[in-house]
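The values are calculated or read from the model by the stated rules, or taken from the named source; none is laboratory data. Everything quoted here is computed from the prediction, not taken from an experiment. Positions of Cβ are generated from backbone atoms using ideal geometry, with glycine treated the same way; all protein chains shown enter the neighbour counts.
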Amino acid sequence: MKNKAFVQLISFYLIYSISQGILLPFVNIYYDQIGLTGMQIGQIGSLSLIGTMMVLPLWGILTDYIKKYKWMLVLSLILTLIMTYLWKLQSSYSWILLFSILMSIFRGVTMPVCDSASLLFCKLHHKDYGLLRSMSSLGYVLGSVVIVKAADYLGYSSPLVCVYLGVIFIALIIALNYPKIEQEKEKEKKGAFIEDLKVLLKNKAYLFILFLAAFNNIPLESASVYIGNHFISAMHLSSSSMSTYLIFATLPEIAFIMIVSKLFRNYGYKKIYLIASITQILRGIVYTLTSSFPLFLLVSVVQMIMVGVASVGNFGYISKVIPPRLTTSAMSIYSAFVMIVTAVYTQLFGFIYDDFGSHSIFLVMTLLNVVGLMILLGTKRFDHIR
């Protein structure tokens, strides 16, 4: 029974991530094809991010309070389907903007609920959470390939939304058969709503991982937005070079995430975090200094270490330092925090790109990672966590 439930979790991560691979890399192309201006596309992106950041913590807190993880996940998927369908029907920019924001909000709250439920399940039944996260990376790549192939024949406008809706519907069917984490979790003592929230926000170990992420993995995520620009402006490559880069960066990442949980258990969190930080700094130095595409690709392989630490290590650490009843709240606040800091760094890197070029983005990213390394060397937070 436990194995069957774990297979359902694997299936959901794979299918849902396929949907994200279909939508996220190509939605701006869709907006362009339906006639939106660059300013309108940018407005949709920024307002959608703000809306998601505002709702995400509240959704997580509500989920932890009512303890209905499966049904909150199902609700977010149903609302995503409805908002996406209504979004597709619109021709007026004002309505497209409204439903884009709503679609982004309900899409954004889905994975924190899923991650918290999955972490609890893996902890209760001694399953490998890293395998679930590797399915996310694999699904994202598969989704991108699917939509590119479909668009070769049909263009982006038609297949983008239709295929996305179909895959989300499959994810909804899987979610309806999701393991009932909340029944096992009810054994946990239920605290008062406000008191639970105070416990979380006063948890220094939890706040530490937020602080570390701001210098460890978030600079990488923000700088990655400009890699395509770097290829074209600084390395004088074609836009097709991005697909080659994604293969080198993503495929090793999938393999590493599948084993990173075992590495944490065998060697402890601090050693793996230090290795990730050092390799990320070395990668940043090469990115800053080189204009060689083969060398850039070779160094990109080490991205798997930092991504593995960020996607499995941070969530695993959070699950170990907070009460289980606050898991979804913690994941949601973490995700909202990542969005806020990513938005700040992305804006900062945009100014740097305009004034100093893309090489300088990787220099600043590396300096931020050096601060993260100093934090790791000085902390004892990871000393007894495996």
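What do you reckon, is S224 surrounded by fewer than 21 Cβ atoms within 10 Å (Cβ to Cβ), more than 17 Å from Y129 (Cβ to Cβ) and without any contact (Cβ under 8 Å) to a residue 12 or more places away in the chain?
Working: surrounded by fewer than 21 Cβ atoms within 10 Å (Cβ to Cβ): yes; more than 17 Å from Y129 (Cβ to Cβ): yes; without any contact (Cβ under 8 Å) to a residue 12 or more places away in the chain: yes.
Yes.
So if I check each of S261, S277, S243, S222, which one is part of a helix (DSSP H, G or I), more than 16 Å from M304 (Cβ to Cβ) and either in contact with a Phe, Trp or Tyr (Cβ under 7 Å, 6 or more places away or on another chain) or modelled with pLDDT of 85 or more (or both)? Outline the logic, then answer.
Details: S261 fails: more than 16 Å from M304 (Cβ to Cβ); S277 fails: more than 16 Å from M304 (Cβ to Cβ); S243 fails: either in contact with a Phe, Trp or Tyr (Cβ under 7 Å, 6 or more places away or on another chain) or modelled with pLDDT of 85 or more (or both).
S222 is the lone residue from the list that is part of a helix (DSSP H, G or I), more than 16 Å from M304 (Cβ to Cβ) and either in contact with a Phe, Trp or Tyr (Cβ under 7 Å, 6 or more places away or on another chain) or modelled with pLDDT of 85 or more (or both).
Tally time: how many residues in the stretch 18-40 are buried (at least 17 other Cβ atoms within 10 Å of the Cβ), at pLDDT below 80 and closer than 14 Å to S104 by Cα?
Quick first cut of the stretch 18-40, residues buried (at least 17 other Cβ atoms within 10 Å of the Cβ) only: 18-23, 26-27, 30-31, 36.
Now restrict to residues that are at pLDDT below 80: 26-27, 30.
Those still in the list that are closer than 14 Å to S104 by Cα too: 27.
Number satisfying all stated conditions: 1.
Kindly establish whether V109 is within 30 Å of R265 (Cα to Cα) and either free of Cβ contacts under 8 Å to residues at least 24 places away in the same chain or surrounded by fewer than 21 Cβ atoms within 10 Å (Cβ to Cβ) (or both).
Values: within 30 Å of R265 (Cα to Cα): yes; either free of Cβ contacts under 8 Å to residues at least 24 places away in the same chain or surrounded by fewer than 21 Cβ atoms within 10 Å (Cβ to Cβ) (or both): no.
Considered against the rule, which asks whether it is within 30 Å of R265 (Cα to Cα) and either free of Cβ contacts under 8 Å to residues at least 24 places away in the same chain or surrounded by fewer than 21 Cβ atoms within 10 Å (Cβ to Cβ) (or both), V109 comes out as no.
Return yes or no: is L131 surrounded by fewer than 20 Cβ atoms within 10 Å (Cβ to Cβ), more than 28 Å from I305 (Cα to Cα) and of a type in the set (A, V, I, L, M, F, W, C)?
Working: surrounded by fewer than 20 Cβ atoms within 10 Å (Cβ to Cβ): yes; more than 28 Å from I305 (Cα to Cα): no; of a type in the set (A, V, I, L, M, F, W, C): yes.
For L131, the condition - surrounded by fewer than 20 Cβ atoms within 10 Å (Cβ to Cβ), more than 28 Å from I305 (Cα to Cα) and of a type in the set (A, V, I, L, M, F, W, C) - is not met.
Do you know which of the residues in the stretch 120-156 that are β-branched (V, I, T) and closer than 21 Å to A255 by Cβ is modelled with the highest pLDDT? It would help to see each step written out before you state the result.
As a first pass, look at the stretch 120-156 and keep what is β-branched (V, I, T): 141, 145-148.
Still in the running and closer than 21 Å to A255 by Cβ: 141, 145.
Working: V141: 79, V145: 73.
By that ranking, first place goes to V141.
Among the residues of the stretch 333-360, write down those that are hydrophobic (A, V, I, L, M, F, W, C), buried (at least 18 other Cβ atoms within 10 Å of the Cβ) and more than 21 Å from the chain's Cα centre (by Cα).
Residue satisfying the conditions is I352 alone.
Per-residue answers, yes or no, for (1) touching a Pro at 6+ places or on another chain (Cβ under 8 Å); (2) closer than 24 Å to L251 by Cα; (3) part of a helix (DSSP H, G or I):
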site: I305; (1), (2), (3): no, yes, yes
site: S311; (1), (2), (3): no, yes, yes
site: G316; (1), (2), (3): no, yes, yes
site: V344; (1), (2), (3): no, no, yes
site: F351; (1), (2), (3): no, no, yes
site: F362; (1), (2), (3): no, yes, yes
site: N369; (1), (2), (3): yes, yes, yes
site: M374; (1), (2), (3): no, no, yes
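Filter the stretch 82-100 down to the residues that are touching a residue at least 40 places away in the same chain (Cβ under 8 Å), surrounded by fewer than 19 Cβ atoms within 10 Å (Cβ to Cβ) and either among the aliphatic types (A, V, I, L, M) or touching a strand residue (DSSP E or B) at 6+ places or on another chain (Cβ under 9 Å) (or both) and list them by number.
Within the stretch 82-100, just L97 meets the criteria.
Checking M365 against (1) at pLDDT below 85; (2) buried (at least 19 other Cβ atoms within 10 Å of the Cβ); (3) among the hydrophobic types (A, V, I, L, M, F, W, C), only one condition comes out false. Which one?
For M365, the exception is condition (1).
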